[in-house]
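Trainee: Quick one: the structure is below, questions incoming.
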Amino acid sequence: MRLLEYQGKELFDQYGIRIPRSQLANNIAEAREGAKKIGIPLVLKSQLTVGGRGKAGAILKVKSEDELEPKFTDLVHKEVKGELPRGILLEEMAPIKQELYLSLFLNRGKRCYSLIASAEGGVEIETSDNKVVVDVPLGGLSPQVAEDTAHKLGLAGNAVVAFVDLATKLSKMAGEKEAELAEINPVAILGDGSMIALDAKVIIDDNSMFRHPELKKYEHVSELEKQAEVSGFSLVELEGNIAILGNGAGLVMSTLDLVADAGGKAGAFLDFGGKATTETIYEALKVISQIKHIDAILVNLFGGIVKTSLVAQAILDAYGNNVISVPVFARISGAESEKSKEMLQGSRAKLYGTVDEAIVAAVAAVKQ
């Protein structure tokens, strides 16, 4: 579960991590109210789950009252990677002396958290050579290790004390909330050496949500995901252009990984489970058709409980009723698979003997 910036900062505040004064606004009236409380100059920040908003022009400085309304209106209607903001955060400007990068991420290979810190805030950390990486035991980051990291970053005086405080609190939050990632980019160092989190990127492990009812308020389900749930299947919207359909979350997840390995990007994850009918699969295709950035549909189906002929009929009906117009690439095996292949022969759906062949074809098609 990807938290929006203001939600991540709410968690930071609960753990004593200093954040700027801010207020979320969903309309211009709330923006004016927020500007009066915070004062101008301030910063307007689109609340998005996707990255790259700074480069996309979705963070704007407001230096006078006259700039507030036009810039707020601009951000409200500005898409970044196909996503519109879920509110605009008004935030005070901080007198920055220096910036740092700091994050803790769940290192599954080592079964612990790893801390990454850099004296270059605001950078894409993957491309930075100037960084410190430290593995953090399950008990959390110790003050001594945090202090050693601060020295490696070239910090001195009050900044060392502030870094130890910030890093240990971030580690405590990540562990207790079972976060897969807790990132601050940038951390601002102020003139007195104190530190403040200017951004927040927090991803919570979905599998742990039953232990965290306090985080339920942060769950966001799109209208299409609600529609999918009502129809009896699971949908997750993603950023790519290939919709992946299958019966069983494990099968769909593994297919998603294979698509990524082949150079493709999944645009939707759809699991219609073991109780699917022609009607529910048809509804699933109707939902997929409403996702604008989908250029191809990849079906990976193993018919055990579900008869594959039901899926074949749903695909034919969807094409016949102009519900879908993008190409379908399908690997179908299992119960009634030969019948399904006969049904789809000559249709706009392309059938393949293996899932690898179907994936290669789908990725090649969308790249064209």
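The values are calculated or read from the model by the stated rules, or taken from the named source; none is laboratory data. Quick caveat: nothing in here was measured; it's all calculated off a predicted structure. Counting neighbours? That spans all protein chains shown, and the Cβs are built from the backbone with ideal geometry, glycine included. Calculation scope for accessible area: heavy atoms of the full protein, side chains included, ligands and nucleic acids excluded. Shrake-Rupley method; radii C 1.70, N 1.55, O 1.52, S 1.80 Å.
Trainee: Specify which of the listed residues (GLY109, GLY87) is crowded, with 17+ Cβ neighbours inside 10 Å and either modelled with pLDDT of 95 or more or within 24 Å of ARG2 (Cα to Cα) (or both).
Mentor: GLY87
Trainee: Before we move on, is LEU316 at pLDDT below 90 and either crowded, with 22+ Cβ neighbours inside 10 Å or among the hydrophobic types (A, V, I, L, M, F, W, C) (or both)?
Mentor: The answer is no for LEU316.
Trainee: Could you figure out which of (1) farther than 20 Å from ILE19 by Cα; (2) part of a helix (DSSP H, G or I) isn't true of LEU170?
Mentor: The number of the failed condition is (1).
Trainee: With respect to the numbered conditions (1) out of contact with any strand residue (DSSP E or B) (no Cβ under 9 Å at 6 or more places or on another chain); (2) under 25 Å from LEU224 (Cα atoms), which one is the sole condition not fulfilled by ALA349?
Mentor: Failed condition: (1).
Trainee: Taking the range 200-224, which residues are open to solvent by 20 Å² or more (accessible area, probe 1.4 Å), farther than 16 Å from PHE105 by Cβ, among the aliphatic types (A, V, I, L, M) and not in a loop (DSSP other than H, G, I, E, B)?
Mentor: Correct list: LEU224 only.
Trainee: Pick from the range 145-199 the residues that are in contact with an Asp or Glu (Cβ under 7 Å, 6 or more places away or on another chain) and free of Cβ contacts under 8 Å to residues at least 40 places away in the same chain: which of them is surrounded by the most Cβ atoms within 10 Å (Cβ to Cβ)?
Mentor: Filtering the range 145-199 for residues that are in contact with an Asp or Glu (Cβ under 7 Å, 6 or more places away or on another chain) and free of Cβ contacts under 8 Å to residues at least 40 places away in the same chain, the one surrounded by the most Cβ atoms within 10 Å (Cβ to Cβ) comes out as VAL164.
Trainee: Okay, moving on. Counting just the residues of the range 343-365 that are open to solvent by less than 30 Å² (accessible area, probe 1.4 Å) and in a helix (DSSP H, G or I), which one comes out nearest to VAL311 (Cα to Cα)?
Mentor: Across the range 343-365, the extreme among qualifying residues is LEU344.
Trainee: Further question on the same structure: Would you pick out the residues in the range 74-84 that are open to solvent by less than 60 Å² (accessible area, probe 1.4 Å) and either hydrophobic (A, V, I, L, M, F, W, C) or part of a helix (DSSP H, G or I) (or both)?
Mentor: LEU75, VAL76, VAL80
Trainee: Regarding ASN321, is this residue crowded, with 22+ Cβ neighbours inside 10 Å and either at pLDDT 90 or above or closer than 21 Å to TYR352 by Cα (or both)?
Mentor: Answer is no for this residue.
Trainee: (1) at pLDDT 90 or above; (2) open to solvent by less than 10 Å² (accessible area, probe 1.4 Å): which one isn't true of SER340, the others all being true?
Mentor: So SER340 meets the others, but not (1).
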